[in-house]
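Novice: This is the structure, below, for whatever I ask next.
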Amino acid sequence: MLKEYRTIREVTGPIMLVDQVEGAKYDELVEIETQTGEIRRGKVLEVSGDKALVQLFESSAGINLGSSKVRFLGKTLEL
């Protein structure tokens with residue numbers, strides 16, 4: 001099930017903290033949509049309460065805390 005949030009709290013290098021998250025799972029794939037519509041990808045490294053720590057596979061440049069969207073895709077990486 002796809003869940004979308006605009007609650008990015010912090011971005012430091014390839015690591016992003018997202019608040020007010022429900023049902024996120026370890027290793028879950030994530031898409032981040034920047035305010036320009038560009039899609040970046042990542043995965044959940046850790047979930048604690050309503051917070052998710054996400055590792056970005058691509059650059060964090062252009063990710064705006066207030067306007068970028070984070071989508072939790074409900075699936076893990078498949079080969």
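Novice: Suppose we filter Lys75, Lys3 for residues that are out of contact with any Pro (no Cβ under 9 Å at 6 or more places or on another chain), exposed (fewer than 13 other Cβ atoms within 10 Å of the Cβ) and among the basic types (Lys, Arg); which single one remains?
Specialist: Of the residues listed, the single one that is out of contact with any Pro (no Cβ under 9 Å at 6 or more places or on another chain), exposed (fewer than 13 other Cβ atoms within 10 Å of the Cβ) and among the basic types (Lys, Arg) is Lys75.
Novice: Could you please find all residues in region 6-42 being surrounded by 17 or more Cβ atoms within 10 Å (Cβ to Cβ) and under 17 Å from Gly74 (Cα atoms)?
Specialist: Val18, Val21, Ala24, Glu28, Leu29, Val30, Ile32, Glu33, Arg40, Gly42
Novice: Okay, moving on. Does Gln55 qualify as being part of a loop (DSSP other than H, G, I, E, B), at pLDDT 95 or above and not hydroxyl-bearing (Ser, Thr, Tyr)?
Specialist: Against the criterion (part of a loop (DSSP other than H, G, I, E, B), at pLDDT 95 or above and not hydroxyl-bearing (Ser, Thr, Tyr)), Gln55 does not qualify.
Novice: Then there is this: Exposed (fewer than 12 other Cβ atoms within 10 Å of the Cβ) and either touching a strand residue (DSSP E or B) at 6+ places or on another chain (Cβ under 9 Å) or of a type in the set (D, E, K, R) (or both) - does that describe any residue in region 44-58?
Specialist: Scanning region 44-58, I find no residue that is exposed (fewer than 12 other Cβ atoms within 10 Å of the Cβ) and either touching a strand residue (DSSP E or B) at 6+ places or on another chain (Cβ under 9 Å) or of a type in the set (D, E, K, R) (or both), so the answer is no.
Novice: Give me the pairs, please: first residue somewhere in region 46-74 and over 15 Å from Leu17 (Cα atoms), second residue anywhere and of a type in the set (Val, Ile, Thr) and in a loop (DSSP other than H, G, I, E, B), beta-carbon distance under 7 Å, and either six or more positions apart or on two chains.
Specialist: So the pair list comes out as Gly62/Thr34; Gly62/Thr36.
A quick yes/no check of all residues on (1) modelled with pLDDT of 95 or more; (2) among the charged types (D, E, K, R); (3) at positive phi; (4) not in a strand (DSSP E or B):
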| site | (1), (2), (3), (4) |
| --- | --- |
| Ile32 | yes, no, no, no |
| Gln35 | no, no, no, yes |
| Arg41 | yes, yes, no, no |
| Leu45 | yes, no, no, no |
| Ser59 | no, no, no, yes |
| Gly62 | no, no, yes, yes |
| Leu79 | no, no, no, yes |
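Novice: Scan region 1-22 and report the pairs whose first residue is assigned to a loop (DSSP other than H, G, I, E, B) and whose second residue is of a type in the set (Lys, Arg) and modelled with pLDDT of 95 or more, with Cβ atoms within less than 8 Å and a gap of 6+ or a chain change.
Specialist: Cβ pairs passing all conditions: Leu2/Arg71; Arg6/Lys69; Asp19/Arg9; Asp19/Lys51; Val21/Lys51.
The values are calculated or read from the model by the stated rules, or taken from the named source; none is laboratory data. Predicted, not measured: the structure shown is a model, and the values here were computed from it. Methodologically, a virtual Cβ is constructed for each residue, glycine included, from the backbone with ideal geometry; neighbour enumeration extends over all protein chains shown.
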